[in-house]
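Just so it is clear, none of the values below were taken in a lab; they were calculated from the coordinates. These numbers were taken from a predicted model, which means no experiment stands behind them. Every residue, glycine as well, gets a Cβ built from its backbone with ideal geometry; the counts of neighbours run over all protein chains shown.
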Amino acid sequence: MTLIIILGVIVVALVLWFFGAYNGLIRLRNTVQEAWAQIDVELKRRHDLIGNLVETVKGYAQHERGTLEAVTQARAAAMAPGQSPADSSRTEAALSQALVRLNAVAEAYPDLKANTNFTALQQELGATEDRIASARRYYNATVKELNTKVESIPTNFIAGPAGVSKAEYFELEAPAEREAPKVSFDPNPPAVGQAGPYAGQQLPPAAPAAGASGGSVQDSPWQQPPTQ
């Protein structure tokens, strides 16, 4: 009789542990998904701001069609639906590189740097980059916790039945992209007609858009050659 009671207690304890571990894995998975959703919201805002930034720069630097088209193509690749965190890491890194080139080009246009709309977009983009960095840190922390549970004994035996698997980290691939691209400029721009700090220097080549397979981009502002 005593043995039956002991076995019953063990079975009940195991059942309670199973349900607790199961629910814990589900809760962690949902937390990871919610954290990624927050990153996705901020990335969409980033893409909108970059689109407005390109339109503003285009009004002052129409001859920089190569740079503007590179940013537009990189933005289109970053906005592609259905990307995993790893895919998004690659496309966002390519977009950051394109923004660095746009930054260099804008230095040569004093009127553009003095434009209030351009300055406001810079500030909004900088704030968005900060929020993305914060959301990314939180997301990666939740991914680490989930992956540890999925790989550890004994919860790894429950992960399969619970339909929970390891999640992908949202990383920046190259050291150059580990800091948010600074779209801020000298508060004392040179006078109109005076050469900017990048005058006479060769700009770095435009980074190819991640996922692009050639051809025109549907929303590119340079579909047709400029009218002479």
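A few points about this structure:
- Computed FRET value (nearest 0.05) for A13 with K44, which takes r as the C-beta separation and R₀ as 45 Å: 0.45
- Counting 0.36 nm for each residue step from E151 to Q33 and taking away their Cα separation leaves a gain of 40.6 nm.
- Pairwise centroid distance, computed over Cα atoms, of region 94-153 with region 1-72, Å: 17 Å
- Of V41, V9, the sequence from fewest to most neighbouring Cβ atoms within 10 angstrom is V9, V41.
- Tensor-based shape of region 39-81 (alpha-carbon gyration tensor, a/c under 1.5 rounded, otherwise prolate or oblate): oblate
- Label-point separation in nm, E171 to V100, each point 7 Å along Cα→Cβ: 1.8 nm
- Sorted by Cβ density within 10 Å, fewest first, the residues M1, M79: M1, M79
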